[in-house]
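Reviewing the structure listed below.
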Amino acid sequence: MITLENISIKFGSRVLFENVNITFNEGNRYGLTGPNGCGKSTLMKIIMGMEDPLEGRVSKPKKIGFLKQNIEDFKDIKVIDSVIYGNKNLYKAFEEREALYDVPMTDEIGMRLAELEEIIAEEDGYTAEAEAEDLLIGMGIEKDFHQMLMKSIPIDRQFRVLLCQALFGHPQALLLDEPTNHLDLESITWLEEFLEKYTGTLIVISHDRYFLNSVTTHIADIDYDTIIMYPGTYDDMILAKTTLRDRAEREEKNKEKKVAQLQEFIQKFRAGTRASQVKSRMKEIKRLNIQDLKKSNIQRPYIRFTPPEIIPGKLIFKINHINKSYGENTVIKNFTLEVERNDKIAVIGNNGLGKTTLLKMLAQIIIPDSGDVQLGHNVNLGYFPQNHDDIIDKSLNITLFDFLKSQKEKASEVEVRSVLGKLLFSGDDAFKQIKQLSGGETARLILASLMLNTPNVLVFDEPNNHLDLEAVSALAWGLEEFKGTVIFSSHDRDLISKVATKLIIFEKDGINVHLETLDEYLEKNHVPS
């Protein structure tokens, strides 16, 4: 159980929330939600004791699993040992025991070794390696990697190891900040099943709506300068929150209408013979106590890609027997496909198999080793890279406004301002330096440039990374409504289900094309959805 007592957090002069009292109970799985910048990650760090609140205190169990992002600290440690580090007492006992085996034996050392064996037994140390291996395999990390140093394995696998570290050792509570960021669909499914069986207290932050709906039993939503607890999934919370807000707004409007009627009576008879009635109505106005409703901090961007000015030919891409290798690693082998106008295709599969390579070929960023990718007639391409630096150079001293003008010089100030506003850059935000942007703001700026340029073909590589739930929902809507061709990679099943009508799947036997939706594919292949 985790209890927050009178917790207050400010960011500069801005109050994120104040005097919050809330309890996260054992056996429940809580989604911590709210827009980017509302204080979700800060609250996690406060619970862990990594940051201090402005006011208040936290009560928590002794053994907490916390998803760290500090892969650099583990670069010279074996993968399996990095997982076991999730139980520090056990890891230190193993480390000390190993060191003592390398020095001459004495009575004192013998006694210390006996004490260490007791600690190891109490911490389930004799099954630790087997537990760590099970976690690693569940996360898609092959056995060949387990005895390697962390720095020797791919970056996305290193982040998965840190997730295994958080899950290791049967923690009484789990705090996971964006645990699905570096996972493929198979690993996300495994994690969901693991967390559904978890009996401690879980608090998770995620921009994956499908994941939250699958895992959570409650939502702790940061809004209105506080944290409000809702039973159920994320979708349940949205429904309840919208219903409550609508009811509150109706009640305030009814009050305002009633007050207007009372004030009209008071003005009419203030100087007359109905003094007692006037006084009564003045008391009633005071009792009604009209107050401005607190403004929600949730903002949803308006993402719509304008119908293209130029209609392309029927054939968008003709992919002819392409091959691509990096050293001895062949990621694409003899792949052929024709993409037609208005196709909406999701590119899915495990990380590291070549999805980004394929999308970069379609975007004409890289060329295949052999074969070719031909663009169709009148194709006007819009590209959203996984690495935002490929498009936005943050070393430049330019503003958001100047960046968008450079993307479409003929655009008027009104057009640029309009598209910035739709992506939640209002007022003076237009003159913010691009080097000051967060990951989520950078993603929204790229989307703004694509909306401004009206392409007829969109190639998106993990566009939902760094976006909050509201922005991902708006993106799904925008891509679904787009009157053009879309090819995108994502691990977000909600986004894939809403947008894609075809799938390109990187599988063990190669790249396969499926002329069906994700839900149809999962049902046909008996994969849990």
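The values are calculated or read from the model by the stated rules, or taken from the named source; none is laboratory data. From a predicted model like this one, the values you see are computed outputs, not experimental measurements. Cβ placement follows ideal geometry from the backbone for every residue including glycine, while neighbour counts extend to all protein chains displayed. When the accessible area is computed, the model is the full protein with side chains, heavy atoms only, and any ligands, DNA or RNA have been set aside. Shrake-Rupley method; radii C 1.70, N 1.55, O 1.52, S 1.80 Å.
Scanning the stretch 100-146 for residues that are part of a helix (DSSP H, G or I) and more than 31 Å from the chain's Cα centre (by Cα) yields a count of 20. Residues that are surrounded by fewer than 17 Cβ atoms within 10 Å (Cβ to Cβ), part of a helix (DSSP H, G or I) and of a type outside the set (Lys, Arg) within the stretch 74-99 comprise Asn89, Glu95, Glu96, Glu98, Ala99, listed in sequence order. Taken together, the residues in the stretch 200-245 that are assigned to a loop (DSSP other than H, G, I, E, B) and either aliphatic (A, V, I, L, M) or within 20 Å of the chain's Cα centre (by Cα) (or both) amount to 7. Scanning the stretch 489-529 for residues that are over 18 Å from Val472 (Cβ atoms), under 26 Å from the mean Cα position of the chain (by Cα) and among the aliphatic types (A, V, I, L, M) gives Leu503, Ile504, Ile505, Leu522, Val527.
Candidates Ser395, Ser412, Ser406, Ser418: the one that is at pLDDT below 85, of a type outside the set (A, V, I, L, M) and open to solvent by 20 Å² or more (accessible area, probe 1.4 Å) is Ser395. Of everything in the stretch 483-496 that is open to solvent by 10 Å² or more (accessible area, probe 1.4 Å) and either in a loop (DSSP other than H, G, I, E, B) or without any contact (Cβ under 8 Å) to a residue 60 or more places away in the chain (or both), the residue that is farthest from Asn342 (Cα to Cα) is His491. Scanning the stretch 186-240 for residues that are farther than 25 Å from Leu136 by Cβ, among the aromatic types (Phe, Trp, Tyr) and in contact (Cβ under 8 Å) with a residue 60 or more places away in the chain yields Tyr224, Tyr234. Among the residues of the stretch 132-157, those identified as under 17 Å from Asn87 (Cα atoms) and surrounded by 19 or more Cβ atoms within 10 Å (Cβ to Cβ) are Ala132, Leu135, Leu136.
Considering the stretch 158-183, the residues that are charged (D, E, K, R) and surrounded by fewer than 22 Cβ atoms within 10 Å (Cβ to Cβ) include one that is farthest from Ser490 (Cα to Cα), namely Asp177.
For Asn456, state whether it is open to solvent by less than 10 Å² (accessible area, probe 1.4 Å), modelled with pLDDT under 90 and either closer than 19 Å to Lys360 by Cβ or among the polar types (S, T, N, Q) (or both). It is false that Asn456 is open to solvent by less than 10 Å² (accessible area, probe 1.4 Å), modelled with pLDDT under 90 and either closer than 19 Å to Lys360 by Cβ or among the polar types (S, T, N, Q) (or both).
Total residues in the stretch 54-70 satisfying the condition of being surrounded by fewer than 17 Cβ atoms within 10 Å (Cβ to Cβ), assigned to a strand (DSSP E or B) and either among the polar types (S, T, N, Q) or touching a residue at least 60 places away in the same chain (Cβ under 8 Å) (or both): the figure is 1. Taken together, Leu503, Leu467 contain a single residue that is of a type in the set (A, V, I, L, M, F, W, C) and at pLDDT 90 or above, which is Leu503. Can you tell me which residue in the stretch 35-52 is surrounded by the most Cβ atoms within 10 Å (Cβ to Cβ), limited to those that are at pLDDT 85 or above and within 15 Å of Ile227 (Cα to Cα)? Once the filter is applied, the top-ranked residue is Leu43.
A residue that is within 25 Å of Lys508 (Cα to Cα), of a type in the set (A, V, I, L, M) and modelled with pLDDT of 85 or more cannot be found anywhere in the stretch 164-185.
The residue list Glu338, Glu309, Glu328 contains one member that is more than 29 Å from His466 (Cβ to Cβ), among the acidic types (Asp, Glu), at pLDDT 90 or above and open to solvent by 40 Å² or more (accessible area, probe 1.4 Å), which is Glu338.
So which residues in the stretch 102-113 are free of Cβ contacts under 8 Å to residues at least 12 places away in the same chain and open to solvent by 50 Å² or more (accessible area, probe 1.4 Å)? Spell out the reasoning first.
First, pick out the residues of the stretch 102-113 that are free of Cβ contacts under 8 Å to residues at least 12 places away in the same chain: 102-111.
Result: Asp102, Val103, Pro104, Met105, Thr106, Asp107, Glu108, Met111.
In the stretch 118-143, the residues that are under 14 Å from Gln158 (Cα atoms) form Cβ pairs under 6 Å with partners that are of a type in the set (Gly, Ala, Ser) and surrounded by 16 or more Cβ atoms within 10 Å (Cβ to Cβ), at six or more places apart or across chains, as follows: Met139/Ser187; Gly140/Ser187.
Cβ-Cβ distances below 6 Å connect the following pairs, each with a first residue in the stretch 374-390 that is in contact (Cβ under 8 Å) with a residue 40 or more places away in the chain, a second residue that is among the hydroxyl-bearing types (Ser, Thr, Tyr), and a separation of six or more residues or different chains: Gln386/Thr356; His388/Thr442. Among the residues of the stretch 15-27, write down those that are open to solvent by less than 40 Å² (accessible area, probe 1.4 Å) and part of a loop (DSSP other than H, G, I, E, B). Once the filter is applied, which keeps residues that are open to solvent by less than 40 Å² (accessible area, probe 1.4 Å) and part of a loop (DSSP other than H, G, I, E, B), the stretch 15-27 yields only Gly27. Please verify whether Gly382 is of a type outside the set (Ser, Thr, Tyr) and in contact with a His (Cβ under 6 Å, 6 or more places away or on another chain), treating the condition exactly as stated. Answer is no for this residue.
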